[in-house]
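Enquirer: Before I ask anything, let me first share the structure, which is written out below as structure tokens.
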There are 2 protein chains.
Amino acid sequence: MPRPKSLSHSDIAGAALAVMDRDGLPALSMRTVATQLGVGTMSLYRYVKDREELERHVVELVLGAVDPVVPAEKSWREQITRIVERFRKAVIAHPATVPLFMAHRHISPSVRRCSEELLRALTRAGFQGKPRVIALRMLVSYVSGALQAQHLGALDGQGTVVLASLSPDDYPLLAATARSALQVDPAKEFFGGLEIVLDGLAQHLAGKKPR
Amino acid sequence: MPRPKSLSHSDIAGAALAVMDRDGLPALSMRTVATQLGVGTMSLYRYVKDREELERHVVELVLGAVDPVVPAEKSWREQITRIVERFRKAVIAHPATVPLFMAHRHISPSVRRCSEELLRALTRAGFQGKPRVIALRMLVSYVSGALQAQHLGALDGQGTVVLASLSPDDYPLLAATARSALQVDPAKEFFGGLEIVLDGLAQHLAGKKPR
DNA sequence: CGTCAATAGAGTACGATGTACGCCTAAAGT
DNA sequence: ACTTTAGGCGTACATCGTACTCTATTGACG
């Protein structure tokens, strides 16, 4: 077997991540990654099938930092909160990768591992069968949506600032709310929303009707 | 004032939507839209600044179908459900536009109108100040995330099928859950998640602690 | 220690995309 | 009928992903 590979998947993913951390997602291209590595553009294709696979490796590199295993003795709420917290931390550490994570999460092993552990917590809480399916999907929908919202908001220089300057005649409540929103810390907002979601789950466990 | 415009923004958005409905998002390009309209590619630039603006027009065309106004005498839960229901219906009607909606929702007037009405319902429910901010953001995060999840799942021929075939050794709960998930209708799943979210909101209104 | 052949590396090239530029021309107002 | 303004669009270019092809390296074997 002649000529061993000189790069690893992590090398490539790392280079791509470096490019994105430095110049953002639009700067990510086969050529920029190759340059970052000091190799020819086409050499990358010895390691990845196409750009999409490269993106998946970046996602895995970022999400690989998440340890989804959580103390078994904690309450299910704490378990879920911990997992989501770590997940958020990993994604937030590389904001430019948010769109990639959104695009590839449904086939990411790391996401699967997290889902598995979330399911463990949900099962421990008492969820089974279809309700458990709905509970999990609801959780990941919220987390994904919230992470993306924060990323999008951060793009155009705090999107809420724009909202706050809306004419109160056209959007009385929205304009007022946006002004309050300016004073809400993103993390507080994220975990505040998570608490509500968890309350909803707890409700479904207690009795059927919310009241 | 010589030579009136022969196209309207709706014409262009309509053509773009036609292309996307027929051939999907990847087929959307300045050239395909121009061809669809029977005009030269560069003519489009008399009407839109760039591709991004064209995409925004598509989003507005799709979301413009949403009537966010809802009967004032209904309960806040019903009001929110109605708004979200209509929103989902409009987006689902043109699945290929989901990524566009995700990318541009933070500056879409239609989304603002919906947000305004959601806020009205939340206010009626009793939310004020920062909790109201968190409630709204949580709602739209869930809705966005869930819509995107459904779209992504539909892409690779029901992503859950893949999940269901995972080795139960590596992901015991996930594999089992995916099998249940195959029998859950997407709409049931979406509104089931919404109910949980609404329960969480109701909980925060009732007393602080969930119990 | 030379020889071989398989494989990594990479240059070139092609089709597609978004769009800047500038010419041509249609049509509204005088 | 003429002028003038703005719409229509052909051309051209930078950039992208990537198919094809050639070169050169290097581990294994005699």
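Enquirer: I'd like the residue in region B:31-41 that is β-branched (Val, Ile, Thr) and within 10 Å of DNA strand D (Cβ to nearest atom) and, out of all such residues, is farthest from the other protein chains (Cβ to nearest Cβ).
Expert: For region B:31-41, the residue satisfying everything is B:Val39.
Enquirer: On to the next question. Looking only at region B:71-104, which residues are over 30 Å from A:Leu100 (Cα atoms), touching a Lys or Arg at 6+ places or on another chain (Cβ under 9 Å) and surrounded by 20 or more Cβ atoms within 10 Å (Cβ to Cβ)?
Expert: Once the filter is applied, which keeps residues that are over 30 Å from A:Leu100 (Cα atoms), touching a Lys or Arg at 6+ places or on another chain (Cβ under 9 Å) and surrounded by 20 or more Cβ atoms within 10 Å (Cβ to Cβ), region B:71-104 yields B:Trp76, B:Gln79.
Enquirer: Let me ask you something else. From (1) away from DNA strand C (no atom under 12 Å from the Cβ); (2) small (Gly, Ala, Ser); (3) over 27 Å from B:Glu189 (Cα atoms), pick out the condition that doesn't hold for B:Ala65.
Expert: (3)
Enquirer: To continue, here is another question. Please name all residue pairs, on different chains or six or more residues apart, with Cβ atoms under 8 Å, provided the first residue is in region A:44-61 and is more than 15 Å from DNA strand C (Cβ to nearest atom) and of a type in the set (Ser, Thr, Tyr) and the second residue is assigned to a helix (DSSP H, G or I) and at pLDDT 95 or above.
Expert: Here the result reads none, with nothing in region A:44-61 linked to a residue that is assigned to a helix (DSSP H, G or I) and at pLDDT 95 or above.
Enquirer: Looking at A:Gly145, A:Gly153, which one is within 7 Å of chain B (Cβ to nearest Cβ), at negative phi, surrounded by fewer than 21 Cβ atoms within 10 Å (Cβ to Cβ) and part of a helix (DSSP H, G or I)?
Expert: Testing whether each residue is within 7 Å of chain B (Cβ to nearest Cβ), at negative phi, surrounded by fewer than 21 Cβ atoms within 10 Å (Cβ to Cβ) and part of a helix (DSSP H, G or I) leaves just A:Gly153.
For every residue, the table says whether it meets (1) within 8 Å of DNA strand D (Cβ to nearest atom); (2) among the hydroxyl-bearing types (Ser, Thr, Tyr).
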| position | (1), (2) |
| --- | --- |
| A:His9 | no, no |
| A:Asp23 | no, no |
| A:Ser29 | yes, yes |
| A:Glu52 | yes, no |
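Residue by residue, here is whether (1) assigned by TED's automatic domain parsing to the domain that holds A:Ile107; (2) modelled with pLDDT under 90; (3) over 14 Å from B:Gly193 (Cα atoms) holds:
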site	(1), (2), (3)
A:Arg137	yes, no, no
A:Ala146	yes, no, yes
A:Asp156	yes, yes, yes
A:Val161	yes, yes, yes
A:Arg179	yes, yes, yes
A:Asp185	yes, no, yes
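Enquirer: Which of the residues spanning region B:179-193 are aromatic (Phe, Trp, Tyr) and facing chain A (nearest Cβ under 9 Å)?
Expert: Passing the criteria: only B:Phe190.
The values are calculated or read from the model by the stated rules, or taken from the named source; none is laboratory data. Please read these numbers as outputs of a predicted model, since none were measured by experiment. Methodologically, a virtual Cβ is constructed for each residue, glycine included, from the backbone with ideal geometry; neighbour enumeration extends over all protein chains shown.
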